[in-house]
Amino acid sequence: MFNMKRAIITFFSTGAYTGYSPVMPGTAGTVWGVIIAYLISGATGLSQALITASITLISVPLAGETVRYTGKSDPAIIVIDEVSGFLISIFLIPFTAFNVILVFILFRFFDILKPYPAGLIDRAVGGGPGVVLDDVAAGVYANIAAHLLIWFLR
């Protein structure tokens with residue numbers, strides 16, 4: 001039987017179904033982060049922070065519901081956490097082609113590698129918070145690394 005609430009949650013948690021990509025669903029889902037970052041790139045830093053925080057906060061219950069529906073602890077179809085992580089990664093970094101590519105690569109690197117404490121968060125925290133918080137940590141790492149690299153390359 002069709003469940004509208006579940007369909008809406010699935011639509012958003014899977015990044016408009018990009019999470020169902022047969023190849024690298026997390027990378028495919030991160031593209032939504034790039035699109036949203038572009039759309040908010042002209043906004044003030046405060047507005048960008050509020051939008052990023054809102055999307056991140058909304059992603060926790062959406063991911064949690066999808067975890068519950070699927071019965072898996074961190075199903076690959078959930079990519080809203082990658083969207084949040086990318087938005088954190090590019091926060092206060094000018095939206096240029098070079099910067100977006102750099103931040104994209106750094107975020108995916110840290111998201112896959114999961115250096116401490118991201119890996120610990122991934123293993124120890126369950127549900128929606130566990131799905132999202134390791135990507136938040138990866139986003140923070142990528143943001144710091146991108147700021148340093150951009151500063152160094154100037």
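The values are calculated or read from the model by the stated rules, or taken from the named source; none is laboratory data. Just so we're clear, the structure is a prediction, and the values are computed from it rather than from any experiment. When we count neighbours, we look across all protein chains shown, and the Cβ atoms used for this are built from the backbone with ideal geometry, even at glycine. What goes into the accessible areas is simple: the full protein's heavy atoms, side chains included, and nothing from ligands, DNA or RNA. Shrake-Rupley method; radii C 1.70, N 1.55, O 1.52, S 1.80 Å.
Summary of values
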read-out	value
Degrees between helix 80-89 axis and first principal axis of the chain (Cα, 0 to 90, nearest 10)	10
For the chain, size of Cβ-based charge dipole, Lys and Arg +1, Asp and Glu -1, in debye	100
Under 12 Å, Cβ to Cβ, from residue 141 - net charge with Lys/Arg +1 and Asp/Glu -1	-1
Solvent-accessible area per residue, Å², over the chain with all protein chains present [probe radius 1.4 Å]	54
By accessible area with a 1.4 Å probe, ligands and nucleic acids excluded, highest first: order of 47, 73	73, 47
Surface share of carbon and sulfur [accessible, 1.4 angstrom probe, percent] for the chain	75
